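**Student:** Dropping a structure here in structure tokens format, bear with me for questions.
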Amino acid sequence: MRNAHRGWRYKLWQKAVLQLGEYKCHLCSATTNLTVDHIKPIVTHPELAYDVKNGRILCDKCRIDDMLKSWQNHKFKTPKGKTKTKEEINENS
């Protein structure tokens with residue numbers, strides 16, 4: 001699953017999510033600088049990697065804001081589902 005974003009299945013999933021979301025940011029309805037994002041990360045939910053319902057469209061600004069919010073809320077999960085704080089992650093780096 002590590003390089004899933006490079007394969008043809010990912011490209012099909014990405015296109016399906018874009019079509020379903022009408023090529024608009026899920027949060028602000030922007031139509032430029034769009035990225036397809038997994039709602040539940042594939043690191044913790046590999047079975048949802050190609051599930052269109054697990055995809056959303058974000059513009060660059062909303063994607064960065066969403067990532068920063070995740071960092072601030074300490075929403076990090078290991079592949080086994082254990083929550084880690086920023087401090088614990090930085091200790092292992």
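**Student:** Quick one: would you say THR83 is at pLDDT 95 or above and open to solvent by 60 Å² or more (accessible area, probe 1.4 Å)? Step through it out loud before you land on a result.
**Tutor:** Details: at pLDDT 95 or above: no; open to solvent by 60 Å² or more (accessible area, probe 1.4 Å): yes.
Answer is no for this residue.
**Student:** For the subset of the stretch 52-70 comprising residues that are within 18 Å of ARG9 (Cβ to Cβ) and free of Cβ contacts under 8 Å to residues at least 24 places away in the same chain, which member is least open to solvent (accessible area, probe 1.4 Å)?
**Tutor:** Restricting to residues being within 18 Å of ARG9 (Cβ to Cβ) and free of Cβ contacts under 8 Å to residues at least 24 places away in the same chain, the top hit is ASN54.
**Student:** Of the residues that make up the stretch 15-27, is at least one of a type in the set (Ser, Thr, Tyr) and more than 18 Å from ASP66 (Cβ to Cβ)?
**Tutor:** If we filter the stretch 15-27 for residues that are of a type in the set (Ser, Thr, Tyr), which is where we start, we get 23.
Imposing the further condition that a residue be more than 18 Å from ASP66 (Cβ to Cβ) reduces the set to 23.
Among the residues of the stretch 15-27, at least one is of a type in the set (Ser, Thr, Tyr) and more than 18 Å from ASP66 (Cβ to Cβ), which makes the answer yes.
**Student:** Which count do you get for residues in the stretch 20-42 that are surrounded by 14 or more Cβ atoms within 10 Å (Cβ to Cβ) and of a type in the set (A, V, I, L, M, F, W, C)?
**Tutor:** Counting residues in the stretch 20-42 that are surrounded by 14 or more Cβ atoms within 10 Å (Cβ to Cβ) and of a type in the set (A, V, I, L, M, F, W, C) gives 6.
**Student:** Determine, yes or no, whether PRO41 is closer than 16 Å to TRP13 by Cβ, of a type outside the set (Ser, Thr, Tyr), modelled with pLDDT under 90 and in a loop (DSSP other than H, G, I, E, B). Explain how you work it out, then say what you get.
**Tutor:** Numbers: closer than 16 Å to TRP13 by Cβ: yes; of a type outside the set (Ser, Thr, Tyr): yes; modelled with pLDDT under 90: yes; in a loop (DSSP other than H, G, I, E, B): yes.
Criteria met by PRO41.
The values are calculated or read from the model by the stated rules, or taken from the named source; none is laboratory data. No experiment lies behind these values; they were computed from the predicted model shown. Every residue, glycine among them, receives a Cβ derived from its backbone with ideal geometry; neighbour counts consider all protein chains shown. Only protein heavy atoms, including side chains, enter the accessible area calculation; ligands, DNA and RNA are left aside. Shrake-Rupley method; radii C 1.70, N 1.55, O 1.52, S 1.80 Å.
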